[in-house]
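Have a look at the structure below, then the notes.
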Amino acid sequence: MALLPFLNRRSLIRSGLGAGVMAASWPLHAAWPRNVDANPRLPDYPFTLGVASGDPAPDGFVIWTRLAPRPAEQHYGMARAPVIVGWEIAADDNFTTILTKGEALASPELAHSVHVDVTGLAPDRIYFYRFHIAGHTSTIGRSRTLPMPGARVDRLRFAVAGCQHYEHGYYTAWQHIAQEPVDFVFHYGDYIYETNEKGADTLTIQDHPFPRARRHNNDEPYSLDDYRQRYAQYKSDPHLQAAHAAAPFWLSFDDHEVDNDWADKWDQDGTPPEVFLFRRAAAFQAYYEHMPLRRSAMPDGTHMHMFRGAQYGDLMNTFILDTRQYRSDQIGEDARLPGGEKLSRMVPEAASPSRTIMGAPQEAWLFDGLSRSSARWNLIAHQVMLMHLTMRGKDGSKGYNMDRWSGYLDSRRRLLNHIDKACPGNVVTVSGDAHRHYAGDVIHDEQAPGARRKIITTEFLGTSISSGSDGMGDLNAAAQMADNPCLKATIDRRGYVLCDVDRDAFHTDLKVIDRVTVPDGAVSSFARFSVERGKPGVQKG
Ligand code: FE
Ligand code: CA
């Protein structure tokens, strides 16, 4: 039994961690499976999809990688057996002092992904991590623990980004985010797109031709292997890898990780729910496999738990929502904007109290968290627009995007009521999905006759990393702002939102990239805004 000494050696290494430092790899304190390949022979460098960290806590964070020597091939260059991957955490990127290390299982069941919930680290510190297997060492990632809850924090910087259609453009925005001095990145979803763009060299987006930047290497995904291949292609991008290696991410998914505009167990095509749930389960598993998520997010059948919170000392409590998995189905779609965006006529059903975008348990968790928060700021980090914007169709008629909070008006009313009551003046929301930057005031009941036009909170909606290609600049911007006085800025360019929070002000910088259909586009600041604590609403500068 050659394996026994091997298992003993592993157990010794795992129990021999430095004093005062605890590390938990997955599976916790379990013996490795009997079919572990102790001496894997890898055909090529296995860390082709990079490294990542996420979900920081005061004593650690999750570190992630996936072994894929040949990511585009079936079985991605790995033999059909679990293997053991070593990991290390250091205080410096030369790894002169290794603070903790351990080993983790990479199983074929999970596409040889590795998730380690590192613990035992000091709060509010920068750490470096890397992985080893079979003589190969990964690139180095940089992460950061949270401050202790309640500890004084004077400043926090983070980026808000998402919507990264691979075929629409290069990830120049990630290239720049990787250089920003951020404590974390919030990803609002659309990490992959399941759709393939038609057209050889030219894509038609918003009725406008753009040069095709890149091409998906498989058909629309339905199976687990399909989704894995798609993630592998996206994850191969060096700029996306650089951004993940630079800072911990708080990840959330929106629709395109599964299928456009899905809602709970319904897709947009009318697939029977019990059938669609097989696709959702495959998509969720592949999502988990490729993201630095905690064990608590591991899919449990067709469900995964993604709403969660983080406390950045006494400065900011963050609530990361899941507005996709528990929502009521969308209601009627009957027109398109001149730019191609969907819109619907408002129907009374949109305001029905029986409709929900969060589901009751998540709503209770959020409301309770906001009620109990004593932080200077509260950040609601979610996926789709909270502002209730009037849109116009090609014929000039008014409509609304019912995939956003506009289709869930009673959920929206309940949230704004609660913010007004529980923590007036210190909530800021960030979201995405619209493929334009939007900055504006979130106003209570703005469409109701005789409504109080009270500003309850503020929304900064990040545009997209690449979705929408080079964009149409200020197409529709003047008309949208005229129709919607709550809206203070909008532009159709790729980019991200940079947030810089201090004790009295929440500053944002709406970054734009001039072109994404060629590499190395130039980044600039489209607009800078701030929110003064105690005074909800967007201010210049
Ligand atoms: Fe998107
Ligand atoms: Ca979306």
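Things worth noting here:
- Each Lys and Arg Cβ is given +1 and each Asp and Glu Cβ -1; about its Cα centre, the range 193-313 then shows a dipole of about 600 debye.
- Antiparallel %, DSSP beta bridges [both residues in the range 127-187], to 5: 55 percent
- Remark: the THR271-SER223 segment gains 15.7 nm on full extension, using 0.36 nm per residue and subtracting the alpha carbon distance.
- Across VAL83, VAL523, the residue with the most accessible area heads the list, and the full order at a 1.4 Å probe is VAL523, VAL83.
- Ordered from largest to smallest accessible area (heavy atoms of protein chains, 1.4 Å probe), the residues VAL538, VAL430 come out as VAL538, VAL430.
- Angle in degrees between helix 409-422 and the longest Cα principal axis of the chain, rounded to the nearest 10: 80 degrees
- Residue ranking by accessible heavy-atom surface, 1.4 Å probe, largest first, among THR302, THR463 comes out as THR302, THR463.
- Using a probe of 1.4 Å on the protein chains alone, the accessible area found for LEU224 is around 40 Å².
- In the context of the full set of protein chains, the range 352-460 has a per residue accessible area of 32 Å² (1.4 Å probe).
- Projecting the Cα atoms of THR119, GLY86, GLY135 onto the dipole axis of the range 70-139, where Lys and Arg carry +1 and Asp and Glu carry -1 at the beta carbon, places GLY135 farthest toward the positive end.
- Amide proton proximity set for HIS165, modelled H, under 5 Å, gap of 5+: SER466, SER467
- Selection from GLN268, GLY521, TRP32, by position along the positive dipole direction of the chain (Cβ): TRP32
- Between the alpha-carbon centres of the range 364-389 and the range 198-242 there is a gap of 33 Å.
- Rounded, prolate or oblate (a/c below 1.5 giving rounded, otherwise prolate when a/b exceeds b/c) for the chain by Cα gyration tensor: prolate
- Cα gyration tensor shape for the range 398-485, rounded if a/c is under 1.5, else prolate or oblate: prolate
- Label-to-label distance for ASN39 and ASP395 is 7.5 nm, based on points extended 7 Å past Cα in the beta-carbon direction.
- Built amide H within the under 5 Å cut-off of PHE61, gap 5+: VAL118
- The spacing between the range 400-475 and the range 70-97, judged by their C-alpha centroids, is 41 Å.
- With both residues required to sit in the chain, DSSP beta bridges show an antiparallel share near 80%.
- With all protein chains modelled, accessible area of HIS305 [1.4 Å, Å²]: 80 Å²
- Area accessible to solvent at ASP207, 1.4 Å probe radius, in Å²: 100 Å²
- Pairs from the list LYS394/LYS511; LYS488/LYS511; LYS454/LYS535 with a Cα-Cα gap above 21 Å: LYS394/LYS511.
- Think of each Lys and Arg Cβ as +1 and each Asp and Glu Cβ as -1; about the Cα centre, that makes the dipole of the chain roughly 1080 debye.
- With K and R counted +1 and D and E -1, the other residues having a Cβ less than 13 Å from that of CYS499 yield a net charge of -2.
- Within the range 62-103, trypsin sites (Lys or Arg not before Pro) in DSSP loop having at most 14 other beta-carbon neighbours inside 10 Å: ARG80
- Secondary-structure-derived ellipticity at 222 nm for the chain, considering helices only, amounts to -5000 deg cm²/dmol, per-run term -39500 (n - 2.57) for DSSP H runs with n ≥ 4.
- Gyration tensor verdict on the range 82-233 (Cα atoms; rounded if a/c is under 1.5, prolate if a/b is larger than b/c, oblate otherwise): oblate
- Sparsely packed chymotrypsin sites (Phe, Trp or Tyr not before Pro) within the range 220-308, loop by DSSP, other Cβ within 10 Å at most 16: TYR222
- Computed from backbone phi with θ = phi - 60° and the Karplus coefficients 6.51, -1.76 and 1.60, the 3J(HN,Hα) list for the range 248-256 is x, 10, 9, 9, 9, 9, 10, 8, 6 Hz; x is used for glycine and proline.
- For VAL427, residues with placed amide H under 5 Å, excluding near neighbours: ASN378
- Bridge type composition, the range 165-269 - antiparallel percent by DSSP, nearest 5: 60 percent
- Within the range 343-428: Cβ-based charge dipole about Cα centre, in debye rounded to nearest 20 (Lys, Arg +1; Asp, Glu -1): 220 debye
- Formal net charge of residues neighbouring PRO71 (Cβ-Cβ distance under 13 Å; K, R +1; D, E -1): 0
The values are calculated or read from the model by the stated rules, or taken from the named source; none is laboratory data. In this text, all values refer to a predicted model and were calculated from it rather than measured experimentally. Heads up, the Cβs are rebuilt from the backbone with ideal geometry, glycines too, and the neighbour counts pull from every protein chain shown. Ligands, DNA and RNA are stripped out before the accessible areas are found, and what is left, the full protein with its side chains, is counted by its heavy atoms. Shrake-Rupley method; radii C 1.70, N 1.55, O 1.52, S 1.80 Å.
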